[in-house]
Amino acid sequence: PPRPGARGAAEGRVRVGSVDERLEAVMESAIHMIRTDAPPGYPDSAGIPLYLKLRPGLHRFLQEASLLFELYLFTQGTADYAAKALDIFDPDRRLFGQRVFTRDHTSALGGKSIDRIFPYTKKTVVVVDDREDVWPKRTPIIRVFPYLV
């Protein structure tokens, strides 16, 4: 039972945030399992579960960042992995749209390069990644450490 005088006490319940806020909290606290198709050359890896844990506040960060910047997703994963990850943190594709780049867009050496996405200008690009070693030396990077909880 609610405390006397607590908000919502007259109705016999206490409301904690909006439905959207509660759903977002559940989504961000969950560990999501993704099963992907096998990438070319790795037929035994089909269906191996990959786990995705969202940082608290990720949805809000992406929504606010999308008001100021054009967001791109660049992953060393497969296109199938990228699509399934986006189903979790951008299901309507309002934040990233079709701006998704996967291992198919990287060089033969396996490194990432903004040259693939922005061949003419890099002055307005900032990369947010947990790994600096996969990018060329002079790439402007904001390093985000892995979230392990």
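The values are calculated or read from the model by the stated rules, or taken from the named source; none is laboratory data. Note that this is a predicted model, so its numbers are computed, not measured. Reconstructed Cβ throughout: ideal geometry from the backbone, glycine too, with neighbour counts over all protein chains shown. These area figures cover heavy atoms from the full protein model, side chains too; ligands, DNA and RNA do not enter into them. Shrake-Rupley method; radii C 1.70, N 1.55, O 1.52, S 1.80 Å.
In table form, for the structure just shown:
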| quantity | calculated |
| --- | --- |
| Failed criterion for Arg93 (all others in (1) in contact (Cβ under 8 Å) with a residue 12 or more places away in the chain; (2) surrounded by 13 or more Cβ atoms within 10 Å (Cβ to Cβ) hold) | (1) |
| Every pair of residues 6+ apart whose Cβ atoms lie under 7 Å, when the first sits in segment 114-139 and is open to solvent by 70 Å² or more (accessible area, probe 1.4 Å) while the second is of a type in the set (D, E, K, R) | Glu132/Arg143 |
| Hits in segment 64-85 - residues which are surrounded by fewer than 17 Cβ atoms within 10 Å (Cβ to Cβ) and in a helix (DSSP H, G or I) | Glu64, Ala65, Ser66, Leu67, Leu68, Asp80, Ala83 |
| Residue count, segment 129-149 (criterion: aliphatic (A, V, I, L, M), modelled with pLDDT of 80 or more and more than 16 Å from Gly77 (Cα to Cα)) | 3 |
